[in-house]
Structure formats: C-alpha cells, structure tokens
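Before any comments, here is the structure.
The values are calculated or read from the model by the stated rules, or taken from the named source; none is laboratory data. Since the structure is predicted, the reported quantities are computational estimates derived from the model, not experimental observations. Glycine also receives a Cβ, built like all others from the backbone with ideal geometry; neighbour counts cover every protein chain displayed.
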C-alpha cells in the first residue's frame, strides 16, 4: 500500500491537524453488532460526510475525503452490513479505522466501493471474520498493529504507533474475501481456515517488520501464520519472523506462493488426504530448525532454502524445475547440539524439469517413517537432470530414482551411498566422493536399514572396516558413466549395458550380469578396474591405459590381469581374420571383445554380365568356391533362361520350371 510509509513526523503536521474540525459523529452508535459489543464511533477526523441507515442493520458511511475513524468498538453481526462509499467524483480515498476496545468480530458483510482506494482496519486486540462477506475495490489492510494518522493540507499520512504492543490475532474462517487491489494482513498470528480469498494484486501476510512502516517498539513474539484448506485466487506473500508458517489440509493458491521467514515453515505436513495446489511458482526461504513441503502440487518452479537446519520434501509433484538448498546462515540447537543442515527428498516425488539439491550436510533421497524411525518405500522421478551436492555430509539413496537425462551425485567430504537395493536410472551418471561410492550391507547383526541410518546420523566416513565387511553396490539401470571420482573404492552394478568414459579413482568394481561393458577413452584413470565375472562381454578400446584391468577369461574361467603399462592383445576364442565379432556368450563368464572388424568391400558389378539376370547372380555366388561335383543344392526359385544345349554349365532346368545348381564353376585345384 503505497502511502503506508515510515516517515518522520513533521511538527507542522500537529498544527495543521488542528485546522480540521471534528465532525459531529463523536459517540455515534451505528446499531451494528450489539450482541457482540456494538459498533460505536468515538470520533472521525477528515472527510466522513454522513451516515445512513443507523439502527437498520445496513449502514452506509459516506466519504468526501481521506478519513480516520476512531472506534470504541467495531463489530458486525450475522446478516448485517457496513458499507464504505466515496461520494462521486471523489476517488482513491484512504479510510483508516482504529479500534480501542475488544476484538472486532465480523459475521456479516463489509463493502467498499471503487472510490475507496485503501481501507484499513487496525485493532490491537484482534480481528475475526467468521462466515463473513468482505468486498473492496481497492487495497485493503487488516492489522493488529496500532496505527495513527496525521493530516497535512487535507492529505492523510498513516503510520504505526511506535511504542505500542501488538498481541492480537487475525482469523479468517469460512469467509469470502474479495479484494480488488492488494490485500495485506499484519499480525503476530494470522489464521485462515476454509476461507476463499480473491485478490487483484496479491495477498500479503506479515508477522514482522518486513516493511519499514511496520516497525514498532515492542511487538510481541509471533506465533506465526496458519492457512487451513484455504483457496486463494491471486499471489500469496508471507513475511514472518520467529513464528511457524504452516499450511494444513491442502488448499489452492491460484498464483505464486512466496514465503520469507526467520522461523520454521511447514507446508501441508498435516494434509488429511488433501493436496496443497499452487498453480504458479513456489519460493520459500526460512531460517528455522525445520522446513517441510508435503502432499503438494506445484505447476511452476519450486525453490526452497533453509538456512537453519532440516529441509524435507515428499509426495510432491513439480511441473518445472525444483531447487532445494540448505545453508549455514543460522545455527539452531536441539538437545544442546547444533542442528545439521539436512535435506530429505522422500516419498513419491516427481519433478518435470531439473532437480538441484544443495546441502551443507547430508542429502537423503529416500522414504522415512518418522513414527517407526525406519526407511520407507517410494520413488523419485525427474524429467531432466538430477544434481545433488553435499558439502559436509553423505548422499544416500534408498529409493528407485529416475532422471530423463543425467544423474550427478557429489559429496565433498564423505560418501555417495545406497542401501544396495535402490536403482538409479538415467542416460548419464556422475559420482564423486571423498570416500566410498557404493552400497552398504548388514553388519554384526544390524540390518541394512539400521546401518544406513547410523552412517547418516553419525557422519561416518567410509572406508571403515566396520562397514566394508559386507559391501553392497550402487545399482544403475545402464547407460554411460562419465565420471567416478574417489580416492578409495567404487562398487557399481549395472542392470543393462554400460559404458565407462571417465574416472579418477582407487578401485572401480563394475559388474553387468549378462550385459555388455565398454571402457573407452583416455579419461579413465584408476588404480584398478575389476570387472565382475557375471559380465558376458567386455570391450576396452585403449591398448595403453592408466589402470590395471582384471577380468575373467571365458575359455578357462581364469582371472586375467593386464597391468596398466601392458598393451592389451586379443587372444580370440571365436574370431576370424584377426577379429572377434563378440557373438559368443557362455554362462556367467566374461571374455574380452576386441575392435570391430572393418567392413570388407564386396565384389563390384561385372560389366560383361547382363543386368537383371538372376540366374547369373546365382551362379556368381558360387564363384571360386570348392563345390563337390556330385553335390546337389536346394532348387533356386528363379525361372531359368538358359540354352538347353549348354548342359555343362552345371545348372539343370527342371520340368516344373525350377533350377537345380549341380556345379556352379569348375573345382578350383
């Protein structure tokens, strides 16, 4: 609201305000909400011209200029209405209503016509809309912050009362709010339950001095913002301090959702089976110990950043890109210990575009049941690239994860891990860690799930003999691995054909049961690459390598080691002309496939032979072949066009018109 700015009080304003005579509305009881404490005006300063309908339950306040109305009580009962109307040709007026005693309870109707540019209701004791109908053509502010007004040359400036406490609650329940301009609600605690809000320029919910004009000396600690099953037609902005911002039991925001909070944010964690649906973009920035987005659908982009701890996203569908980030902007404590900055991507989650996850500490892509404290099922589907980067923690995957293009998992100081059961599916993969890359197995009577949780919670770097007694594998569905970066070990199992084009590693253990492995390019560097014997075909296209190659020979089922400084020679088992065509498969063993044979040019056309003579083509196919003179071949299904007298050609024309080749050409000695 443009005029609501924090400005210095000009001394001449005091004298100017004295020139504005008090209208004769002092002490007026307009006859609304008597059972709720009534609606009584103490005084009105400015342009309130007249009041119509006093005592009828349908009251009109008529204005010809900006006005500050100071109410003793302001209540509107069920079936009653209060109308704010500007006289023509007056327009864009500001009407400030300040209430001194008791909550303002609105069960009926409030209207403001197009001449009212800004309607403000200020009650430090709280404002309740319950089953109300609220319609304004211009901007609207509902606040528990005490406000005041000064007049300079007939123009009213609105500002806060700097030393007053604000303790009230603004609640909108089962009400229809239709605001033509910007809708601002300012209070330490804001609740909207099963309401419908339509706003032309956005709904802004503020619980702190997020704007300069909200600055006050002693605002009480905020309880936060709560939206339950609310439908909003327009953008929603939430600016909150240490109170919790939460949505409950779904709802629809037909626009963008933007939340800035110094506290925690919980979006639809409690859903009662109802989705939270945002048709635009969702942007959330908080500094609390927790941040949740559950059971939701975001048609646009999703961006969530928590500078104070935990970020959890689950059972969410995002139409475009999603970015999930934790930073170390704030430090919160739990049981006397700093909270780790941890990202969970859990449940059944789908992102139409790219998913980028950045965490100061751990990243867990997997389901988790907080009640039983056990891993749970789920899946993650990403239409584009999945990029996950953990600075000071692990990346753990415990659910099947699919990306349309690329999966990149990177841990700066710890490990890239799975539970050995989850499968990653993409066209390309990058894995980078300062420790182990692979899966975890059971240890000393502890299940895999228990080991997974223990490793994440204790931030234990692997390799550690405790966890490598029963190592598991990082499973992929197949594709191209462009990078495996680790100073230690990487255990990879591919369920489809796989190509390795880049590595900088200690030991790479790679297996593709019944499938094909290709290691190619000079960007593959490792101490050892160990190929599992279950792999049927292995192709290595660089004779000189920066790694020792270990695989199983198909002929004798023996381990073969080719050192990095040794040139690979292909000792063929079924090759011809010095090449192995890679057609032999035997059980669970592996053999080395050499380079593909070059295509040999076939015989060119013979200019002496007539075109289209199929009989000549048949004969030419036997040229220079060793054929037994008495061998009879299967009849060739072409009509013979041969001279019957030339019987020595080796072609017999049968009675039924078929041709039998007896001898194509003379035996070559």
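The listed residues are 356, 387, 326, 381, and the only one of them that is at pLDDT 80 or above, touching a strand residue (DSSP E or B) at 6+ places or on another chain (Cβ under 6 Å), buried (at least 17 other Cβ atoms within 10 Å of the Cβ) and more than 22 Å from residue 414 (Cβ to Cβ) turns out to be 381.
In the set 135, 140, only one residue is in contact (Cβ under 8 Å) with a residue 40 or more places away in the chain, surrounded by fewer than 21 Cβ atoms within 10 Å (Cβ to Cβ) and in a strand (DSSP E or B); that residue is 135.
Are any residues in segment 481-496 under 18 Å from residue 422 (Cα atoms) and surrounded by fewer than 21 Cβ atoms within 10 Å (Cβ to Cβ), and if so, which ones? Spell out the reasoning first.
Within segment 481-496, the subset under 18 Å from residue 422 (Cα atoms) is 481, 490-496.
Residues satisfying the conditions are 495, 496.
Take the conditions at pLDDT 95 or above, over 21 Å from residue 175 (Cα atoms) and touching a strand residue (DSSP E or B) at 6+ places or on another chain (Cβ under 7 Å) and apply them to residue 3. Does it pass? For residue 3, the condition - at pLDDT 95 or above, over 21 Å from residue 175 (Cα atoms) and touching a strand residue (DSSP E or B) at 6+ places or on another chain (Cβ under 7 Å) - is not met.
Kindly evaluate residue 305 against the criterion of being within 10 Å of the chain's Cα centre (by Cα) and in a strand (DSSP E or B). I'd like the intermediate steps shown before the answer.
Working: within 10 Å of the chain's Cα centre (by Cα): no; in a strand (DSSP E or B): yes.
No.
The set of residues in segment 508-522 being closer than 13 Å to residue 480 by Cα and either part of a strand (DSSP E or B) or touching a helix residue (DSSP H, G or I) at 6+ places or on another chain (Cβ under 9 Å) (or both) consists of 510, 516, 517, 518, 519. Of all residue pairs spaced 6 or more apart or on separate chains, those with beta-carbon atoms under 8 Å, a first member in segment 440-453 that is touching a residue at least 40 places away in the same chain (Cβ under 8 Å) and a second member that is exposed (fewer than 15 other Cβ atoms within 10 Å of the Cβ) and in a loop (DSSP other than H, G, I, E, B) are 453/373. Going by the structure shown, is residue 404 under 16 Å from the mean Cα position of the chain (by Cα) and either surrounded by fewer than 24 Cβ atoms within 10 Å (Cβ to Cβ) or in contact (Cβ under 8 Å) with a residue 40 or more places away in the chain (or both)? Yes; evaluated as a whole, the condition is true for this residue.
Just need a number here: residues in segment 32-56 that are part of a loop (DSSP other than H, G, I, E, B) and either modelled with pLDDT under 90 or surrounded by fewer than 18 Cβ atoms within 10 Å (Cβ to Cβ) (or both).
Adding up the residues that qualify gives 5.
Picking from residues in segment 79-102 that are touching a strand residue (DSSP E or B) at 6+ places or on another chain (Cβ under 9 Å) and over 22 Å from residue 149 (Cβ atoms), the one that is surrounded by the fewest Cβ atoms within 10 Å (Cβ to Cβ) is 79.
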